[in-house]
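To keep things clear, I will list the structure first and then write my remarks on it.
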Amino acid sequence: MASDRRTLLADAALDVLADDGIRGLTHRAVDRRAALPPGTTSAYFRTRAALLTGLVTRLVQRDQEELHATAEELPPLRTVEDVVDGLALLARRRLTGEGRRRSLARYACAVESVRDPELRELLVPRENSGREAVRLFLATRGTPDVENRTHTLLTCVDGLVFDRLVTGGDVPREALEGLVAAALRGTPAVATSGRGRAS
C-alpha cells in the first residue's frame, strides 16, 4: 500500500513539474494534484531532495517502459529505414501527449542534476531493448566503436527532441536519416537502406 501511495505521489509530482516547472514543485502542490490531504507528500518524501529522487526514479521507470514497448512494436532493425522509423516513432511519442509531459519533466530534472550527483546517476541512460537494437544494428554493419556511436546517435536524437520541445513541430525525418548515416560513416560498404535488401 505504501508503495502504491509513493507511486501515486511520484506521478503527481511529475505532472506538477511538467505544468508548473521546478519552482512550482512543492509538497503542497503535489498533495493538491494527487487529491490527498495536506502533509501526505511530506510524510512519504520528507525533503525536497527526497521528492525529486522519487520523481526521477518514477520517471526513469516510465521511460524504460516506453522504450521497451516501442522496441516490441517495431520489426527487427535490418535497414536504415527501419532504424529511422523507430527513432521517428520514439521522437513523436516524446513530443506528444503524456510523453511530452515526461519530456518536460525530464529536462527540468536534467538541469537540477548538474548540482545533484544522485539525480545525475539516476538519469544516466539505462540499458533497454531499444538501445540494444540500435547497438546490434550498428554492430552487424561492422561499425567501428559501436558503444560510442550508439551513445552519440541516441544523444543527438534526444537533442533534436529537446529542440522541438522548445520550438515546436516534429523532428524532421531527414535529420534522423542524417544522424543514422553519420553513425554508419566509415563502415564497410553494405546496403544501408531499402526494405528487403541484403544486410
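Figures for the structure shown
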read-out	value
Sites A182 and R92, calculated FRET efficiency, Cβ-Cβ separation with R0 25 Å, nearest 0.05	0.75
Accessible area of region 1-68 belonging to carbon and sulfur atoms, whole % at 1.4 Å probe	52 percent
Net charge contributed by nearby residues that have their C-beta within less than 13 Å of R92 (K/R +1, D/E -1)	0
Per-residue HN-Hα couplings for region 113-119 [Karplus 6.51, -1.76, 1.60; θ = phi - 60°; Hz; x = Gly/Pro]	5, 4, 10, 9, x, 5, 5
Whole-Hz ³J(HN,Hα) from phi, Karplus 6.51 cos²θ - 1.76 cosθ + 1.60, for region 8-20, glycine and proline x	4, 5, 5, 5, 5, 5, 4, 5, 4, 4, 5, 7, 10
Amide hydrogen neighbours beyond the local backbone of V171, cut-off 5 Å, H modeled	none
For the chain, calculated [θ]222 nm from helices alone, where every DSSP H run of n ≥ 4 adds -39500 (n - 2.57)	-23500 deg cm²/dmol
FRET efficiency for E118 and R6, using Cβ-Cβ distance with R0 set to 22 Å, rounded to 0.05	0.85
Binned Cα-Cα distances of region 63-147, short to long, each 10 Å bin given as a whole percent	16, 40, 33, 12, 0
Relative contact order computed over region 29-165 (Cα-Cα under 8 Å; 6+ residues apart), in percent	27 percent
Proximal charge balance of E112 [Cβ under 12 Å; K/R count +1, D/E count -1]	+3
Computed magnitude of the charge dipole of the chain (debye, nearest 20; Cβ of K, R +1, Cβ of D, E -1)	300 debye
Region 45-108, accessible area per residue, ligands and nucleic acids excluded (1.4 Å, Å²)	45 Å²
Accessible surface, region 143-187, averaged per residue in Å² (probe 1.4 Å)	54 Å²
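The values are calculated or read from the model by the stated rules, or taken from the named source; none is laboratory data. Computed from a predicted model, the values in this text were never measured in an experiment. Cβ atoms come from the backbone with ideal geometry, glycine included; neighbour counts cover every protein chain shown. For the accessible areas, the whole protein counts, side chains as well, though only heavy atoms, and no ligand, DNA or RNA atoms are used. Shrake-Rupley method; radii C 1.70, N 1.55, O 1.52, S 1.80 Å.
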